[in-house]
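Undergrad: Here it is: the structure, laid out below.
The values are calculated or read from the model by the stated rules, or taken from the named source; none is laboratory data. Just so you know, these numbers come straight off a predicted model, no measurement behind them. When we count neighbours, we look across all protein chains shown, and the Cβ atoms used for this are built from the backbone with ideal geometry, even at glycine.
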Amino acid sequence: MINIENAKKVFKEYIKNYDINDGRIALKVAHILRVSSISKKIATSLNLSEEDIKLAELIGLLHDIGRFEQVKKYNTFIDKNSINHGEYGVKILFEDNLIKKFNIEEKYYKIIKTAILNHNKSGIEKGLTEKELLHSKIIKDSDKLDIFYVLLTDTIENTYGCPTLEQEIFSDEIVREFKEEHVIDYKKRETYGDIWISHVAYAFDFYYKSSYIVINENDYINKLLQRVQFKNPKTIETAKELVDIANDYIDEQLK
């Protein structure tokens, strides 16, 4: 059985290697702990076994382990400008053998690795086992639910990497992808405004109705627009249109 309390102790020891006074590091630690808790709640709501509930909680604890080295080496959380943090987390855990310190049975390794690799993709890869797919879905929902919370509670500087989004514009291709495909290719994002669009597009990438209930109850999508306070008239018009599309989609999922 997975010892979650021991895993949390190992995690806390690991982050001592980084400057907790750095707002970005503190943000990521808090995010990880909340995602672990959300994962536990989702797994519990699905009436999963105690083993799977603990595994979901553990994956939540490990899903962003690559973020700390990312910001230390590259001074950014933007994967496009540095590394794929999911892939880098898997490297740290399974190539550099950090996973050994968590004292976890090897039978869980493949599930953990697969879930982490998929958590920051626009979709989940094909050909997974039932368990791999289950835990990939749980961590993706948990991660994005807390990202909404972070985007609305932390500073623009910490969450977007720029002082303000007021004068931002959108790339035509990103707007098209949102409207027509409901997915965003992160590599095509050219502006901080495009990053904002990719956050609104999370609305199309949840797997559980319980997650959409949380989004609706907290009015996350509308608050994302209120939060950034765009000033460019064309940006405001387009942003409102995209928010309406996302809200309509959420309403459909709740029916």
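Undergrad: Restricting the first residue to region 14-34 and requiring it to be closer than 13 Å to F77 by Cα, which pairs with a second residue that is of a type in the set (K, R) and modelled with pLDDT of 95 or more meet a Cβ separation below 8 Å and a spacing of at least six or different chains?
TA: Final answer for the pair search is K28/R67.
Undergrad: Considering only region 78-97, state which residues are in a helix (DSSP H, G or I) and surrounded by fewer than 17 Cβ atoms within 10 Å (Cβ to Cβ).
TA: K80, N81, E87, K91, F94, E95
Undergrad: Pairs needed: first member in region 98-111, free of Cβ contacts under 8 Å to residues at least 24 places away in the same chain and of a type outside the set (D, E, K, R); second member anywhere, assigned to a helix (DSSP H, G or I) and surrounded by fewer than 16 Cβ atoms within 10 Å (Cβ to Cβ); C-beta distance under 6 Å; at least 6 residues apart or different chains.
TA: Filtered contacts from region 98-111: no entries.
Undergrad: If you scan region 141-177, which residues turn out to be under 17 Å from I215 (Cβ atoms) and either touching a Gly at 6+ places or on another chain (Cβ under 7 Å) or in contact (Cβ under 8 Å) with a residue 24 or more places away in the chain (or both)?
TA: If the condition is that a residue be under 17 Å from I215 (Cβ atoms) and either touching a Gly at 6+ places or on another chain (Cβ under 7 Å) or in contact (Cβ under 8 Å) with a residue 24 or more places away in the chain (or both), then D141, S142, D143, K144, L145, D146, I147, F148, Y149, V150, L151, L152 are the ones that fit.
Undergrad: With T114, T76 as the choices, which residue is closer than 22 Å to H199 by Cα and outside the structural domain of K223 (by TED's automatic domain parsing)?
TA: After applying the criteria, what remains is T76.
Undergrad: Which condition does F170 not pass, out of (1) within 21 Å of K121 (Cβ to Cβ); (2) not assigned by TED's automatic domain parsing to the domain that holds S122, if it passes all the others?
TA: (1)
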